[in-house]
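Bear in mind that the values in this text are calculations on the coordinates, not laboratory data. Here the structure is a predicted model, which is why all the values come from computation and not from measurement. Note that we place each Cβ from the backbone using ideal geometry, even for glycine, and neighbour counts take in every protein chain shown.
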């Protein structure tokens with residue numbers, strides 16, 4: 001949960017949600033929450049973003065899993 | 001990160017190629033590369049009729065989209081497996097395949113396994129007791145059988161599947177761990193036609209799974225995002241995760257693994273066994289080739305299911 005007065009960045013992967021501090025790159029954020037960049041595509045407001053993108057206060061980043069199999 | 005072609009903001013970065021592209025140039029690049037692979041591996045020509053195996057997933061729908069954009073004659077084949085698992089998995093996959101076909105005015109053949117063979121895949125698997133409690137073995141066997149039957153019966157020159165490089169690298173990894181020589185010998189972008197077997201091709205075999213997801217998203221293709229409920233915990237996903245860890249540390253590792261394998265195979269690293277028992281015979285029921293005289297594996301499985309059902313109904 002976000003603390004009062006502090007805005008965080010939300011990362012959503014399937015039914016999991018993670019929160020990281022703003023100001024980090026997407027790559028650092030993924031490393032922080034232990035998600036392999038190779039296994040996802042990140043979108044913000046419906047646009048794809050890359051690993052060097054700086055995540056800002058209140059950003060909601062949807063992580064789309066790319067692995068399928070069977 | 002900037003697009004290498006126009007300098008605008010990039011949408012996709014491919015570290016293994018040291019190439020970043022914007023949406024517009026990425027959507028041009030993928031079909032161009034696909035055409036290059038089709039020609040390089042001599043998969044098919046513009047005069048041939050292609051049957052695309054369409055599951056409703058990102059790879060197969062993207063493949064169909066790309067082939068049509070490149071001007072190929074490509075029809076689709078959807079196989080209804082009857083997997084529900086509380087999420088209407090097959091129903092939703094079918095809807096998406098159908099929707100894609102309708103939107104693009106394409107022909108989609110549909111084979112419903114339950115209608116044709118009496119039971120959906122999970123039940124066929126349960127009754128036949130193949131596959132150690134998971135329906136994946138029966139699913140694979142059934143799909144191979146049906147795809148080949150439809151391609152052959154409806155006069156298609158070639159059967160195209162949406163296997164991407166991660167699929168291929170995971171299979172290669174598994175076959176290498178067990179040194180499955182026969183499988184390694186047969187793995188490649190093209191499996192030539194043989195008596196009763198349609199030519200099989202994998203035009204996306206050099207694209208990473210991540211690249212195909214990016215293509216589907218950027219092109220606006222609606223695909224089934226939910227994983228097949230039975231794929232959870234599968235070996236192929238486990239191998240893909242391991243390979244992605246490698247790729248993360250060493251960009252290009254997956255591509256090199258696969259391409260060097262193809263080169264090694266081409267240069268004769270894996271020799272064909274000189275074994276007269278490896279001749280194929282037509283199945284006495286369906287006519288498809290099988291390694292032993294009599295019924296093929298698929299027809300044996302269906303016969304077993306029918307026998308067990310008749311025993312139950314006579315009780």
- Kirkwood Rh and Cα Rg combined as Rg/Rh, segment B:1-138: 1.08
- Mind pulling the angle between the C-alpha long axis of helix B:165-177 and the longest principal axis of chain B? Nearest 10 degrees, somewhere in 0 to 90. 60 degrees
- Helix-derived mean residue ellipticity, 222 nm - over the protein assembly as shown, DSSP H n ≥ 4, -39500 (n - 2.57), to 500: -13000 deg cm²/dmol
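Relative contact order of chain A, please, whole-number percent, based on alpha carbon pairs below 8 angstrom and at least 6 residues apart.
Averaging sequence separation for qualifying contacts and normalising by length gives 39 percent for chain A.
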- Query: What percent does the relative contact order of chain B come to when contacts are Cα pairs within less than 8 Å and at least six residues apart?
  - Reply: 19 percent
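Can you tell me the FRET efficiency between residue B:110 and residue B:48 if r is taken as the Cβ-Cβ distance and R0 is 25 Å, rounded to the nearest 0.05?
Details: r = 22 Å, r/R0 = 0.90.
Calculated value: 0.65.
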- Which stretch or stretches of segment B:195-239 have amide N atoms under 15 Å from the point lying 7 Å from residue B:28's Cα along the Cα→Cβ direction? none
- Item | Distance from chain A to segment B:107-162 (C-alpha centre basis), Å | 38 Å
- Note on the structure: For segment B:134-278 the mean separation of alpha carbon contacts under 8 Å (6+ apart) over residue count, i.e. relative contact order in percent, is 30 percent
- How much length, in nm to one decimal, is gained on full extension between residue B:292 and residue B:1, taken as 0.36 nm per residue of separation minus their Cα-Cα distance? 99.1 nm
- Item | Cα→Cβ-extended label distance, 7 Å offset, between residue A:62 and residue B:73, nm | 3.9 nm
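Can you work out the FRET efficiency for the pair residue A:52 and residue B:272, with r the C-beta to C-beta distance and R0 = 56 Å, to the nearest 0.05?
Numbers: r = 49 Å, r/R0 = 0.87.
Between residue A:52 and residue B:272 the formula returns 0.70.
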- Footprinting proxy, A:24, B:212: sorted fewest to most Cβ within 10 Å, the residues are A:24, B:212
- Return the single residue from B:161, B:256, B:34 with maximal mean-square fluctuation; model: Gaussian network over chain B, springs between Cα atoms under 10 Å. B:256
- Message: To test your reading of the geometry: what angle, between 0 and 90 degrees and rounded to tens, separates the Cα axis of helix B:58-69 from the longest principal axis of chain B?
- Response: 70 degrees
- Query: In whole Å, what are the Cα extents of the protein assembly as shown along the three principal axes, biggest one first?
  - Reply: 72, 54, 44
- Item | Degrees, to the nearest 10: B:253-266 long Cα axis against longest axis of chain B | 60 degrees
- Message: Can you compute the radius of gyration and Dmax for chain A, using only the Cα atoms, both in Å?
- Response: 11.9, 45
- Task: Please label the shape of segment B:31-272 as rounded, prolate or oblate, based on the square roots a ≥ b ≥ c of the eigenvalues of the alpha-carbon gyration tensor (a/c under 1.5 means rounded; beyond that, a/b larger than b/c means prolate, else oblate).
- Result: rounded
- Gained length - residue B:304 relative to residue B:99, 0.36 nm times residue gap less alpha-carbon distance: 70.2 nm
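Quote the FRET efficiency, to the nearest 0.05, computed for residue A:25 versus residue B:264 with a Förster distance R0 of 35 Å and r equal to the Cβ-Cβ distance.
0.35
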- At 0.36 nm per residue, minus the direct Cα-Cα distance, what do residue B:177 and residue B:235 gain on full extension? Give it in nm, one decimal, please. 19.7 nm
